[in-house]
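The structure appears below as structure tokens.
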Amino acid sequence: MRKTKHAIIFCISIVLIAVCCIVAAVGFGGGHIGAARNITLGLDLRGGVSVTYQTVEANPSQEDMSDTIYKLQLRVQQYSTDASVYQEGTNRITVEIPGVYDTQTVIDELGRPGSLQFVTYETGEDGEAVEKVWVEGKDIANAQAGSQQNQTTKAIDYVVQLSLSPEGAEKFSEATSSHIGDVIYIIYDGEVVSSPVVRSAITDGNCIIEGMESWEAATTLASTIRIGSLSLELQEMSSKVVSAKLGDNAVSTSLISGLIGLLLIMIFMIIYYRIPGVAAALAMVFYTAAILLLLNAFNLTLTISGIAGIILTIGMAVDGNVIINARIKEELALGYSVEQSIKNGFRKSTSAILDGNITTLIVAIVLMIFGSGSVQGFGMTLAIGIVLSVITSLVVSRVLMFSMMWMGASKPSMYATKQKEAKKPFDYVGKKVICFVIAAACIVAGIAAMIVNSGAGNNALNMSIEFVGGVSTTVDFAEDVSIDKFNDEIKPAISDIIGSTDIEGQKVTGSNQFVIKTQDIDGDKREAMHSLLVDTYGADADSFEITYISSTISTELMRDAYISLAIAAVLMLIYIWIRFRKFKFAISSVLCLIHDVLIVVAFFAIFRLSVGNTFIACILTIVGYSINATIVIFDRIRENQADKTICHDLKAVVNKSISQSMSRSIITSATTFITVLFLYIMGVESMKAFALPLAVGIIAGAFSSVLLAGSLFYTFHKKDQRLIEKKHK
């Protein structure tokens, strides 16, 4: 009976996983609802235009900002239904329009003030209709959606409550007094948005527009009237274009490399862990399909930062299954039955999995609250992935594993190979000085590289245009130059001249004009670039127009990221302190995080990699990845401190804990590294720029978790350890 029951559970689970995969792959219905193809892609993946404005007024009200954003959102809908407008900081607004590449047209049209007018049509002397403008947008004081009870039907009617300025009230009084029974048309940007009938003269500057079919309609009309023309005067701060080719390739290569990496991970799990590996592989298939469905359900915009979050949570989902399966092998080696080993494996793994995921979730939540732009997107994707990875590890894998066991897969050999006799743990703590020296040397090398770079007249880090600003050169070519030719020929040639690959090219639609963005360069390099474009590629020598690009936006994005990480580090420290009941666990883990970040920064400094927005995504990924690995080892230390046979010897406790976690550390690091490696091998330039330092960060995270975290904890406990040993003697 039990076998039949679990067979049914297993079949239902497989069907549900299959349904999730099918929906994620092709969707359902005519609109392919739920399909991965419907996930909204950010500019760095799909391509398009991004323009950031700053208000002329230094401290605008939030209502004015909201109204301006709403108006701009209405305007950008003409370009793309996926266009988005959002606020950055207190006085900046960013407009992103996927699939559009003519920035100048976008800037010109978005910057055009809207026109709001209250008009009547009258018959002129020649018998033709004449439009008379009574009130304009500047005359409107406020407009709000409201509701009132219909005195006849007793139903609730939705209305717009309108109030005018003193000047507007005077004009409106004249208009309504002379047009009782007539229609006053409300026209916005040349279109009639409402046509209320005047029932009586309105002399106090307050009136109600009736006849709204819904609360949403009333809200929309009220907002349209309020903003009349843009409430705030805007000035362009920066603009950029991402080519469609870059976007398409970034998405396809990310998917292919991700699938290859996932397939290799699944094959390895099955070979190495057998039945638990099969359960883990099926759970990973569920995770992959579910994360795609959730991205659709929450209508999240997927960016390179989002891909970083997904890679991290895939690593954490794999890690959870590895921790469980390793525990099951240990329990079998102790002589427990398969059923009891599975139960013990999940029970003993739960604390490590939850603690590791919760600390990373703290990072995600802080980024969502205090971050901005792509940092917030990373946080949202990471948070969803973390919750899903916990469900995958502790629920889906458990159901599948128990079902297969009760269906007949109950031999111990199906769950683990015969364990070799345990060897004495390697003395990791005894090598702590060597490890500390290696870590310090790498960090010092990075600091030295930054000092040398600064001394040579360069920035300490190779900051991209996004962070240091730059020069935008607009030039006309004698004949059409495609974006492909620019990327394949012109861009490398410019790179050789200016000594940087941080170059962006934007083709102006419908012309032979190109906008080339580079970092600020000296006069000699600028002249050499001018000669190259004129002599080699036929540019018009008199067409060069140079403007300077502000760096404020991305600088503040990085500042927000740093602040978020600082807050997250404090909160993680507090959480680990509470959970492990020792502050030395917490401070050791945070020091390891700092080490990992500094190693990645050193890598950027030594090899002069461009520091752009992908740098932020990389650092955030490393922080989440590293803390999870450290928690696993600390969980073992906490458990082994209760072992009466070695609890008096902290060095033995730490060495044993690291040895017990070693296979998990190697497997998790290797599987995540494989995914990132394929991303680097198959990716386009933007993906390579992200994957390479991330690979370095994975290695640094594994090093700090295995060789630094435990040793730091031991070092901080030396005084306590001497007291314990004295008491034990």
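In a fully extended conformation the segment linking Lys424 and Ala493 would gain 18.9 nm over its present Cα-Cα distance, using 0.36 nm per residue. Only helices enter the 222 nm calculation for the chain: every DSSP H run of n ≥ 4 contributes -39,500 (n - 2.57), and dividing by all residues gives -19500 deg cm²/dmol, rounded to 500.
The Cα center of the range 566-619 and the Cα center of the range 468-547 differ in position by 39 Å. Loop-resident trypsin sites (Lys or Arg not before Pro) (DSSP state other than H, G, I, E or B) in the range 469-539 with no more than 11 further Cβ atoms inside 10 Å of their Cβ are absent.
Please say if the range 581-695 is rounded, prolate or oblate, where rounded means a/c under 1.5 for a ≥ b ≥ c the square roots of the C-alpha gyration tensor eigenvalues, and otherwise the choice is prolate for a/b larger than b/c and oblate otherwise?
Judged from the Cα gyration tensor, the range 581-695 comes out prolate (a/c at least 1.5, a/b above b/c).
Rounded to the nearest 0.05, what FRET efficiency is calculated for His32 and Ile646 with R0 set to 60 Å and r the Cβ-Cβ distance? After rounding, the FRET efficiency stands at 0.55. Annotation for the range 132-183: trypsin sites (Lys or Arg not before Pro) lying in DSSP loop with at most 11 further Cβ atoms inside 10 Å of their Cβ are Lys154.
Cross-linked pairs Lys3/Lys329; Lys432/Lys644; Lys348/Lys411; Lys329/Lys423: Cα-Cα separations exceed 18 Å for Lys3/Lys329; Lys432/Lys644; Lys348/Lys411.
A cut-off under 14 angstrom between Cβ atoms defines the neighbours of Val433, and their net charge, with Lys, Arg +1 and Asp, Glu -1, is +3. Under 1.5 on a/c is rounded, so check that first for the range 375-437, then, if it is not, pick prolate when a/b is larger than b/c and oblate when it is not; a ≥ b ≥ c are the square roots of the alpha carbon gyration tensor eigenvalues. Because a/c hits 1.5 or more and a/b fails to exceed b/c, the range 375-437 counts as oblate.
Give the calculated FRET efficiency between Asp520 and Gln62 to the nearest 0.05, with a Förster radius of 35 Å applied to their Cβ-Cβ distance. Don't skip to the answer; put the middle values down first.
Working: r = 35 Å, r/R0 = 1.00.
Step by step, r from the Cβ atoms, then E = 0.50.
Could you give the semi-axes, largest first, of the ellipsoid that matches the range 650-701, computed as the square roots of 5 times the alpha carbon gyration tensor eigenvalues and rounded to whole Å?
Working: eigenvalues 197, 21, 3 Å².
The three semi-axes for the range 650-701 are 31, 10, 4 Å.
Just to make sure I understand: if all protein chains stay in place, what is the order of Glu331, Glu122, Glu167 by accessible area at 1.4 Å, largest first?
Numbers: Glu331 5, Glu122 70, Glu167 115 Å².
Solvent-accessible surface, decreasing: Glu167, Glu122, Glu331.
Axis of helix 244-273 versus longest Cα principal axis of the chain: the two differ by about 20°, to the nearest ten degrees. For the range 382-396 and the range 337-376, compute the distance between their C-alpha centroids and round to whole Å. Here the two parts' Cα centres lie 8 Å apart.
By accessible area, using a 1.4 Å probe on protein heavy atoms only, the chain has 60% of its surface on carbon and sulfur.
In Å², what does the accessible area per residue of the chain work out to with a 1.4 Å probe?
Values: 32690 Å² over 729 residues.
Here the per-residue accessible area is 45 Å².
The values are calculated or read from the model by the stated rules, or taken from the named source; none is laboratory data. Worth saying up front: this structure is predicted, and the values here are computed from it rather than measured. Every residue, glycine as well, gets a Cβ built from its backbone with ideal geometry; the counts of neighbours run over all protein chains shown. Heads up: the accessible areas ignore ligands, DNA and RNA and are worked out on the full protein's heavy atoms, side chains in. Shrake-Rupley method; radii C 1.70, N 1.55, O 1.52, S 1.80 Å.
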